[in-house]
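Values in this text are rule-based calculations from the coordinates and carry no lab data. Quick caveat: nothing in here was measured; it's all calculated off a predicted structure. A quick note on method: Cβ atoms are made from the backbone with ideal geometry, for glycine too, and the neighbour counts reach across all protein chains shown.
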Amino acid sequence: MEGRLESAPRDYEALWRAASLAVALGVEFEGRGQGGADAWYRRAEAWAVLAQEVNPGGVEARYWQMAVLGRQALTSGPREALELSDGILALGAAILADAPDHAPTHNALGRLHLEIMSRSGVSRFFGRALLGGPALREATWERALGGLRRAVELEPDRSMFHLDLARYHVARGERGPARQALRAAIETAGTHPPDRVFAEEARALLREVGS
């Protein structure tokens, strides 16, 4: 990996696009239930960090680093997940300060709040008391819904955004809105590389909540 980074072009767009592709491949490997996703996420993070060295203010590179942290947090233990969550929150706040209408960042922050709020109330209480961290302290259902809805409003053709909004409604027991969002996730799939995985997840969740 180090050799690849040493020979990587110092071209900002090429680097953040490489990070984007690596994240998409990681999602594909996860969706197939195969190993190898972590290796792609490590590549993605390395390329995103290198892109930021080339262009520290670039939104895309910061977003793809945040996306990697989000995928890693989903499969990490509680303490590591909370540390990653604080990193996501900090990156997201910085991106939105520069680009208030960056839909993927709104979605990522909404999903972050959703994941935290979906934990049991007891777990959140003890997590706040023992581990602290801004992400844990600031998470609310309202912030989850606000971020997820804003992402869909800004880019309604993104399957992932509809799927994450559906996850919110499922967590809240709102079956009607969940079904609507899941159908939208299926209908909009096909424009981005990991959409096949998202559509499959949406179909499976739709079967659970009832079509």
> Rounded to two decimals, what is Rg over Rh for the stretch 50-100 when you use alpha-carbon atoms and the Kirkwood radius?
Replying inline: 1.02
>> Counting just the Cα atoms, what span does the stretch 130-211 cover along each of its three principal axes? Round to the nearest Å and put the largest first.
In response: 41, 26, 22
> Taking θ as phi - 60°, what are the ³J(HN,Hα) couplings along the stretch 19-25 by the Karplus curve (6.51, -1.76, 1.60), each to the nearest whole Hz, with x for Gly and Pro?
Replying inline: 4, 4, 5, 5, 5, 4, 5
> For the stretch 52-211, what Kirkwood radius comes out of the mean inverse Cα-Cα distance, in Å?
Replying inline: 16.0 Å
>> Taking the 0 to 90 degree range and rounding to the nearest ten, how far is the long axis of helix 103-117 tilted relative to the main principal axis of the chain, both from C-alpha atoms?
In response: 60 degrees
> When you count, for each residue, the other Cβ atoms within 10 Å and take the mean per peptide, how do 134-140, 71-77 rank with the highest first?
Replying inline: 134-140, 71-77
>> At R0 = 25 Å, how high is the FRET efficiency between Leu21 and Ala97 if r is their beta carbon distance? Nearest 0.05 is fine.
In response: 0.40
>> As a test of the formula, what do you get for the chain when each DSSP H run with n ≥ 4 contributes -39,500 (n - 2.57) and the sum is divided by the residue count, at 222 nm and rounded to the nearest 500 deg cm²/dmol?
In response: -25500 deg cm²/dmol
> In the stretch 32-51, which residues have a backbone nitrogen under 18 Å from the label point lying 7 Å from Asp11's Cα in the Cα-to-Cβ direction?
Replying inline: 47-51
>> Angle check, please: helix 159-171 long axis (alpha carbons) against the longest principal axis of the chain (alpha carbons), in degrees 0 to 90, nearest 10.
In response: 40 degrees
> If you average 1/r over all unlike Cα pairs in the stretch 1-75 and invert the result, what Kirkwood radius do you get in angstrom?
Replying inline: 12.1 Å
> How big is the Kirkwood radius of the stretch 14-53, worked out from every pair of different alpha carbons and given in Å to one decimal?
Replying inline: 9.8 Å
> By per-residue mean of other Cβ atoms within 10 Å, what is the highest-first order of 151-163, 196-208?
Replying inline: 151-163, 196-208
> Using the Karplus equation 6.51 cos²θ - 1.76 cosθ + 1.60 (θ = phi - 60°), what ³J(HN,Hα) coupling, rounded to whole Hz, does each residue of the stretch 197-210 give in order, writing x for Gly and Pro?
Replying inline: 5, 5, 5, 5, 5, 5, 5, 5, 5, 5, 5, 5, 8, x
